[in-house]
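Written below as structure tokens is the structure these notes are about.
Each value in this text was obtained by applying a stated rule to the coordinates, not by laboratory testing. Just so it is clear, the model here is predicted, and its values are computed rather than measured. Cβ: placed from backbone, ideal geometry, glycine included. Neighbour counts: every protein chain shown.
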Amino acid sequence: MGRRKSNNNQCSSSKEDTTMSSHLRFEDAEEAVEESSNLDQSMCDIAESDDKTSADYYFDSYSHFGIHEEMLKDTVRTKTYQNVIYQNKFLFKNKVVLDVGAGTGILSLFCAKAGAEHVYAVECSHMADMAKEIVETNGFSNVVTVLKGKIEEIELPVAKVDIIISEWMGYFLLFENMLNSVLYARDKWLADDGVVLPDRASLHLTAIEDADYKEDKIEFWNNVYGFNMSCIKKQAIMEPLVDTVDQNQIATNCQLLKTMDISKMAPGDASFTAPFKLVAERDDYIHALVAYFDVSFTKCHKLMGFSTGPKSRTTHWKQTVLYLEDILTICEGEAIVGSMTVAPNKKNPRDVDIMVKYSLNGKRCNVSRVQYYKMR
């Protein structure tokens with residue numbers, strides 16, 4: 001079918017971990033007295049801080065500019081936030097804003113330009129140093145204060161804020177579990193009549209035909225240059241694939257699994273079990289389930305938001321593909337019935353454990369199975 005470019009992203013960071021490469025030209029010793037370099041001191045500081053533990057990897061991965069370039073160039077993501085802020089200046093004018101996980105500071109700059117009284121941009125990675133420079137370069141140092149550290153550990157110079165804004169969503173919505181940091185900030189600093197942006201997120205599920213790609217990614221291990229490596233198949237099928245799905249592959253309805261009200265939910269609400277019923281819209285074969293999420297800003301003058309689904313414009317989140325052990329032969333009108341359980345991994349809460357129970361009782365296929373997936 002030739003649907004997608006391979007992007008087997010069982011990532012350790014939300015967004016691809018693109019590292020920097022510096023192309024330096026070295027002269028002969030006598031010529032290189034005052035050779036300038038693009039490896040400035042701030043980059044040296046990043047390069048020399050190599051004593052990271054695995055617990056710091058999440059934040060360290062966000063020190064690389066490539067991740068931020070990918071997110072900034074995701075126009076669905078970035079333009080939506082820009083439009084929410086610029087087209088709803090009544091929300092921001094003379095208000096105190098907290099930007100959780102500020103990255104380059106782009107959302108903070110949007111808020112400052114929209115008339116915010118002050119913006120506190122909290123960023124734990126080394127990108128905070130770049131964000132400070134970006135704020136200064138663009139003349140907003142009097143409005144935007146960049147604070148380097150974890151939101152759970154820093155102290156704000158104000159008791160309350162009027163708005164909390166954050167781009168906290170990860171692959172499969174919950175991968176990386178940055179949502180808990182937003183909820184922590186909400187409970188500690190948001191004023192009683194304050195606003196969280198975005199304030200709604202929903203997770204959806206559908207099913208697809210995907211014979212060629214499953215053959216390439218999963219069945220590949222049956223014969224690798226003449227050797228049987230099928231023992232790897234079990235691990236491969238447990239790792240959800242982050243990739244772009246062609247909407248023509250969708251063979252069932254799309255069902256809402258979970259809606260989260262960020263302004264009211266408790267941290268534990270991100271763990272859930274939700275039933276689903278996926279009804280075939282044509283005779284086809286089902287090779288995988290596909291999850292995606294929508295985000296809404298309901299406090300705007302007009303409802304605003306975006307979807308990461310296969311029928312919408314592609315975002316850097318793409319979709320999350322969960323391959324089934326079975327190939328389901330399904331007839332139009334028949335239903336895959338089951339449930340999905342989602343929870344943060346006990347050892348590393350930024351990872352996500354997924355359990356899917358499903359069954360199909362059809363004319364040509366009868367199956368009932370439980371599968372486990374791990375987003376790492």
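Things worth noting here:
- Under 5 Å, built H, 5+ apart or other chain: amide partners of V245: Q319
- Formal net charge of residues neighbouring F110 (Cβ-Cβ distance under 14 Å; K, R +1; D, E -1): +4
- Listed values for segment 360-375 are Karplus-derived 3J(HN,Hα) couplings in whole Hz (6.51 cos²θ - 1.76 cosθ + 1.60, θ = phi - 60°), namely 9, 10, x, 5, 10, 7, 10, 8, 9, 8, 10, 10, 10, 10, 9, 8, and x replaces Gly and Pro.
- Evaluating 6.51 cos²θ - 1.76 cosθ + 1.60 at θ = phi - 60° for every residue in segment 99-104, the Karplus couplings come out as 9, 8, x, 6, x, 6 Hz, glycine and proline recorded as x.
- Loop-located GluC sites (Glu not before Pro) in segment 299-376, at most 14 other Cβ atoms within 10 Å (DSSP): E332
- Whole-angstrom gap from segment 334-370 to segment 255-278, using each part's C-alpha centre: 15
- With K and R counted +1 and D and E -1, the other residues having a Cβ less than 9 Å from that of V122 yield a net charge of 0.
- Taken about its Cα centre, segment 199-375 carries a charge dipole of roughly 700 debye when the Cβ of each Lys and Arg holds +1 and the Cβ of each Asp and Glu holds -1.
- Neighbourhood net charge (13 Å Cβ-Cβ; Lys/Arg +1, Asp/Glu -1) for D162: +1
- Using only alpha carbons, segment 199-375 has a radius of gyration to Kirkwood radius ratio (Rg to Rh) of 0.99.
- Shape of segment 54-167, Cα gyration tensor, a/c cut at 1.5: oblate
- The 3J(HN,Hα) values that the Karplus relation (6.51, -1.76, 1.60; θ = phi - 60°) gives for segment 109-120 are, in residue order, 5, 4, 5, 4, 5, 7, x, 4, 5, 7, 10, 9 Hz. Gly and Pro appear as x.
- A DSSP coil position with no more than 11 other Cβ atoms inside 10 Å describes the following trypsin sites (Lys or Arg not before Pro) in segment 240-296: K264.
- With the highest mean first, a sort of the peptides 108-115, 336-343 on other beta-carbon atoms found within 10 angstrom per residue produces 108-115, 336-343.
- Alpha-carbon centroids, segment 184-215 and segment 289-313: separation in whole Å: 9
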